[in-house]
Structures are given as structure tokens and as C-alpha cells.
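The values are calculated or read from the model by the stated rules, or taken from the named source; none is laboratory data. Predicted model only: the values in this text are computed from it and were never measured. Using ideal geometry, Cβ is built from the backbone for each residue, glycine included, and neighbour counts are taken over all protein chains shown. Accessible surface is based on the protein model in full, side chains and every heavy atom, while ligands, DNA and RNA are left aside. Shrake-Rupley method; radii C 1.70, N 1.55, O 1.52, S 1.80 Å.
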Amino acid sequence: MKKLSIILSLFILISCANKLEDELTIFTSRQPQLLEPILNEFYQDTGIKVNLLSGNAQVLMERISVEGKDSKADIFMTVDAGVLWQAAERNIFSEVDSNILNTNIPDYLRDANNQWFGFSKRARTIVFSDDQYSASDFSTYEDLSDPKWKGKLCLRTSKKVYNRSLIASMIDSYGFEKTKSVVSGWVSNLATEVFSNDTSALKAVSSGQCGVTIVNTYYLARLLDDPQYDNLRLFWANQKNRGVHVNISGAGIVNTSNNKENAIKLLEYFSSKKAQEFYASAVKEYPVVEGSEINEAIKSWGAFVEDNINVSKLGSLQKEAVFLAQEAGYK
Ligand code: FE
């Protein structure tokens, strides 16, 4: 035990010694290869080197909490407003006062206390197979609870935060009871057991196992690189009312960081047009900064009306969404 604690203290000493002023460390649940090119650009432009430590978001948050002031993390970057909200609840972030971020990032895509900011948008919408249906068959997420879709709907598990956030956005619009009846309707329309990921749900639609699903658009964009899946069609949900459900990938500055000034520089850099266009394009998501170019492959889906609920609510209503899914029997 004593040996272990000596090794641990040595490790902490070494980590502190390595914490150079012109280096930043991002703890992230995003894949490093998605971020590396933009971080290299940042290094060319500023001389600030950025290290990445990637892993599961919950594990990284726990690690930052446990390590406290010894943590190497300057920035925590992850996907889904629900997770960023949790990180703020756990007091991982510090408030950031930046005119650049406040100007570049719309209010509804960042925390009200500026503890975290969205840097790309992720739209979750309806995808169907044109072997079975056409766009005129669809209207809203709610309509998929109608008995006419019995045995046709495929969904990813409600255990995924993406679906919890979608349910949270419906609770915000319609209240608990109405949302519960929609989700119960989805469950009775399921063609098969829920899937563990969006890509499997899309493949099940393509193969005819079901006719329609709800997924994040970047999964469709990636799958469409393979002509085998070209019967899949995107439909922008709820265009005549609250709009398509939009979530974010985002980041905040860790409150124990010794290098907050440079960390702010990096977040500001992520909100620049150059970084926005590169990043959104590489991950096939949507930029948060108005007027940025989008990925060629997703241009054909056209512009869409988005639900501009403040994404913080996707976090604050998360627990209620989990409870609702349980009550509705959505596994
Ligand atoms: Fe994803």
C-alpha cells in the first residue's frame, strides 16, 4: 500500500512538472483524430501545444473530480448538452468571461453562466427507407406514436443520452403527460427490440426490418458513403411547429486549470469561422456560428427549422426524461 502511494505521489509530481505554461490538456470523449488537425492549426497560429486525453465522458468527469487541483485537465470537451450540464452540476467548470464567445455562440447553445459552450450542432431527426415510404408520409416525432406505424418503428435505446435529451425537449414543449403518451406510442409501434446505436437502427431501416427511425444526422452522412444504403432518406421533423431537435458538442474550462488564459484562447479559436468550418465538416455535424460553410455531403438535405430551446434544459430535464422513459416502458 505504502509503495503504491509513493508511486502515486511520484506520478502526480511528474504530471505537475510536465504541466508547461504553453501547453494545454483537453480531457475529451471525442475521438482524437477528429480534433487533431484543428489543434495542429491552433499550434501553428499560437505556439500553444494541446495534449489530448480521450475516454468515456463519465469516467473523465469522475477523474477530474477525484484528481482535484492535481488534474492535468484544462478543458473538458464532450458531446451532448445533458453531459455538459452534469459536468457543471459537479462543479468541474469555471465561468468564462469572453466577449468573443458571447458574440460568436448563440445564447441557446451555451450555459447561462458561461460554464460551457456549444461548438457544433447535432440534429436528431427522422430517417426512412424510400423502398417503403415517401417524405409526404412523415410530419413529426409525435406522429410516429400513431398506430398507423405499428411494427414499423426502430429506435435506439432510451439509455443513450441523445434520446434522453430528445425526450427532455418534448417535456419542455408538451409537458410530462403528453410526452409520456407519445413515448408509449413509440414503444407500441416498435418493429423489434431497441438498438444499442444509431447506425444499427439505420441499417435495420435500410434492410426493411423496419420503415423508419430517429437518429443523429452525422450517422446517416457516414453510412451514405456506402452505396449499399442509398435507400435511406432524411426527413426534417416538426418543421411546421417547434423544429428539429438540436443538441451540441461542446466544452468548458476546468476550474482547477492553471492555464485558463490559454484555455480561453483555445475555446475562442474553436468559435472562429475557420475552426467552425473545418470541425463541423470533419465530423459531419453543423457549425454553431452563423454563415459558416457546411459539409458538401450534408448540403443536399437543405436548411431546416430547429428547436431553439436552450440546451441547458436538456440537462435540467434529464432526470425527468429518464423517469418518463421507464414509465413508458421504453428500454
Ligand atoms: Fe454520436
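Points worth noting:
- Crossing angle, helix 318-327 versus the chain [Cα axis fit, 0-90 degrees, rounded to tens]: 40
- Measuring how big the chain is from its alpha-carbon positions, Rg and Dmax come out at 20.9, 69 Å.
- Within the chain, helix-based [θ] at 222 nm, where runs of 4 or more DSSP H residues each add -39,500 (n - 2.57), nearest 500: -13000 deg cm²/dmol
- Counting heavy atoms of the protein chains alone, Phe138 has an accessible area of about 20 Å² for a 1.4 Å probe.
- Surrounding net charge for Val194, when Lys and Arg each add one and Asp and Glu each subtract one, Cβ distance under 10 Å: +3
- Alpha-carbon Debye profile of the stretch 116-247, log10 I(q)/I(0) at 0.21 Å⁻¹: -1.36
- Taking all protein chains as shown and a probe of 1.4 angstrom, Asp230 keeps an accessible surface of around 100 Å².
- Residue of Asn255, Asn163, Asn197 that the Gaussian network model of the chain assigns the largest fluctuation, springs spanning Cα pairs under 10 Å: Asn197
- Rolled with a 1.4 Å probe across the full set of protein chains, the surface gives Trp301 an accessible area near 40 Å².
- Rg and Dmax over the alpha-carbon atoms of the stretch 156-309 stand at 17.9, 54 Å.
- Over all pairs of different C-alpha atoms, the stretch 214-279 has a mean inverse distance whose reciprocal, the Kirkwood radius, equals 15.6 Å.
- Here the convex hull built on the C-alpha positions of the stretch 134-182 has a volume of 95 cubic angstrom per residue.
- Segment Asn258-Lys69, length gained on full extension (0.36 nm per residue, minus Cα span): 67.1 nm
- When each of the peptides 51-58, 169-176, 213-220 is scored by the mean number of other C-beta atoms lying within 10 Å of its residues, the order from highest to lowest reads 213-220, 169-176, 51-58.
- Scattering profile of the stretch 62-113 at q = 0.16 Å⁻¹ [log10 I(q)/I(0), Debye over alpha-carbon scatterers]: -0.54
- Tilt relative to the chain, helix 57-67 - C-alpha long axis, 0 to 90 degrees, to 10: 20
- Distance from the stretch 51-120 to the stretch 214-248 (C-alpha centre basis), Å: 27
- Tensor-based shape of the stretch 248-331 (alpha-carbon gyration tensor, a/c under 1.5 rounded, otherwise prolate or oblate): oblate
- Accessible surface, the chain, averaged per residue in Å² (probe 1.4 Å): 44
- Lys-Lys pairs in the stretch 14-138 that are eight or more residues apart or on separate chains and whose Cα atoms lie under 19 Å of each other come to 4.
- Surface share of carbon and sulfur [accessible, 1.4 angstrom probe, percent] for the stretch 201-331: 50
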